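The values are calculated or read from the model by the stated rules, or taken from the named source; none is laboratory data. Computed from a predicted model, the values in this text were never measured in an experiment. In this analysis, Cβ positions are derived from the backbone assuming ideal geometry, glycine residues included, and neighbour counts consider all displayed protein chains.
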Amino acid sequence: MQAATTQIAIVEDDRATQEALRLLIDDTEGLHCAGVYGSAEQALRSLASTQPPDVLLLDINLPGMSGSDAVGLFHDRFPETAILMLTLYDDEERIFASLCNGARGYLLKNTPPAKLLEAIGELRGEGAPLSPEIAHKVVRLFRELKPRGKVDADLTRLEVRLLSLLAEGFTYQTAADEMRVSINTVRNYIRSVYEKLHVHSKSEAVSKVLKAGLI
């Protein structure tokens, strides 16, 4: 049976970047560019009357409503769509706001095409891709938050270790390699963590334990 094609929408105001992303997506087997929009407002209007995409590539700097402001609207209206933010700069305040408001990942625009395609694959597998530079900033920002929250969950040492690796930008596979366990074991840990923390995504789990100071 042929795997379903991943539908990807692009919200980006720079024409050259729009075209480069569209070509990359449409030239990749299993991916299809479902729409290209020059502003968040245009995308919100258009997507309201179509099938929501599987993945939304959202530029953080847009004319009118910025991507960091719009991400919460996209997340609320299309909760099944995985949102990947794209930016030229590692702006700490906007990174933090975007991730808290529903973005599943955050990449710099100079990320090589192969890494961008890898990130899209991670999103479809419940991953939360972050550029290494951004992953380190996110971890530091969360650790500086005061006061600490409380997590009423009995996480095991290995579950905490896994969440720590994921917060640093590891994928499920690279985390499995680092912990010397199978990818299926990692998935079992994640399912257990979701149940204990009452969350539904990796980014929510990482955010919760970071706020609590557990990692």
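The table that follows gives values for the structure above.
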item	result
Number of the condition not met by residue 45 [criteria: (1) free of Cβ contacts under 8 Å to residues at least 12 places away in the same chain; (2) farther than 20 Å from residue 70 by Cβ]	(2)
Residue satisfying all of: in region 189-212; in a loop (DSSP other than H, G, I, E, B) and of a type outside the set (A, V, I, L, M); surrounded by the most Cβ atoms within 10 Å (Cβ to Cβ) among these	201
In region 1-35, the residues that are among the hydrophobic types (A, V, I, L, M, F, W, C), surrounded by fewer than 19 Cβ atoms within 10 Å (Cβ to Cβ) and more than 16 Å from residue 119 (Cβ to Cβ)	1, 3, 4, 16, 23
Verdict on residue 119 being closer than 29 Å to residue 50 by Cβ, part of a helix (DSSP H, G or I) and modelled with pLDDT of 80 or more	yes
Among the residues listed as 181, 186, 160, the single one being modelled with pLDDT of 85 or more and part of a loop (DSSP other than H, G, I, E, B)	181
Selection count, region 77-95, where residues are modelled with pLDDT under 90 and surrounded by fewer than 20 Cβ atoms within 10 Å (Cβ to Cβ)	8
Test: residue in region 11-19 that is at pLDDT 95 or above and either assigned to a strand (DSSP E or B) or among the basic types (Lys, Arg) (or both)	yes
Where residue 53 falls short, out of the listed (1) surrounded by fewer than 19 Cβ atoms within 10 Å (Cβ to Cβ); (2) part of a loop (DSSP other than H, G, I, E, B); (3) in contact with a helix residue (DSSP H, G or I) (Cβ under 8 Å, 6 or more places away or on another chain)	(1)
Pair list, Cβ < 7 Å and 6+ apart or interchain, from region 181-206 residues that are not assigned by TED's automatic domain parsing to the domain that holds residue 123 to residues that are surrounded by fewer than 16 Cβ atoms within 10 Å (Cβ to Cβ) and not aliphatic (A, V, I, L, M)	183/173; 194/200; 196/154
Options 73, 58: the member that is within 15 Å of the chain's Cα centre (by Cα), within 23 Å of residue 202 (Cα to Cα) and either modelled with pLDDT of 90 or more or surrounded by fewer than 18 Cβ atoms within 10 Å (Cβ to Cβ) (or both)	58
